[in-house]
Amino acid sequence: MAIATSGIQPNIDFMFQNIPIKKYFDVVVNSSHIKKGKPDPEIYLKVALLLHVLPKDCLVFEDATVGIKSAKAAGMKVIAVATTQPTEELREADMIIDDYTF
C-alpha cells in the first residue's frame, strides 16, 4: 500500500507521529517527489512504479476531485470518500462511499 499526497513532509511526519499507521505503507510519495501536482497523474504513476505494479491494478481512495482526476488519468480505479466534498462533485470516481465505517 502507498500514500500519494500533495502534502509536505512535515505534515506527513506529524500524521505518522500521531496516528500509528506508517507500518502499513510501503511507499509514501509527496509533493517534493514530483514536478506536476494533481490533477496531473504523475504522483499516482510514481507510486505504481515504486510499488512495482501496473496502474490498472491499483485502487485509489480519494476525497478530492483533483485527486480523482489524477488517479483516473493514471489509469487507476478510484473509490471516492465523501468526507470533504459533496457526493455530486465526486461522480468521476468508480464508486463513492460516505466514510470507512460499516
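Applying the selection to segment 25-83, what residues are closer than 11 Å to residue 6 by Cα, more than 12 Å from the chain's Cα centre (by Cα) and among the hydrophobic types (A, V, I, L, M, F, W, C)?
34 - this is the single residue of segment 25-83 that is closer than 11 Å to residue 6 by Cα, more than 12 Å from the chain's Cα centre (by Cα) and among the hydrophobic types (A, V, I, L, M, F, W, C).
Quick one: count up the residues across segment 43-102 that are hydrophobic (A, V, I, L, M, F, W, C) and touching a residue at least 24 places away in the same chain (Cβ under 8 Å).
Kept after step one, since they are hydrophobic (A, V, I, L, M, F, W, C), are these residues of segment 43-102: 43, 45, 47-51, 53-54, 58-61, 64, 66, 68, 71, 73-74, 76, 78-82, 90, 93, 95-97, 102.
This time we only want the ones that are touching a residue at least 24 places away in the same chain (Cβ under 8 Å), so: 43, 45, 47-48, 50-51, 60, 64, 66, 68, 71, 73-74, 76, 90, 93.
So the answer is 16.
Across segment 23-65, which residue is farthest from residue 12 (Cα to Cα) among those that are surrounded by 13 or more Cβ atoms within 10 Å (Cβ to Cβ) and among the polar types (S, T, N, Q)?
Applying the filter and picking the extreme gives 65.
Values quoted throughout were computed directly from the atomic coordinates according to the rules given, and no laboratory measurement underlies them. The shown structure was predicted, so the numbers you read here are calculated from the model rather than taken from an experiment. Don't worry about glycine lacking a Cβ; one is built from the backbone with ideal geometry, like all the others, and counts go over all protein chains shown.
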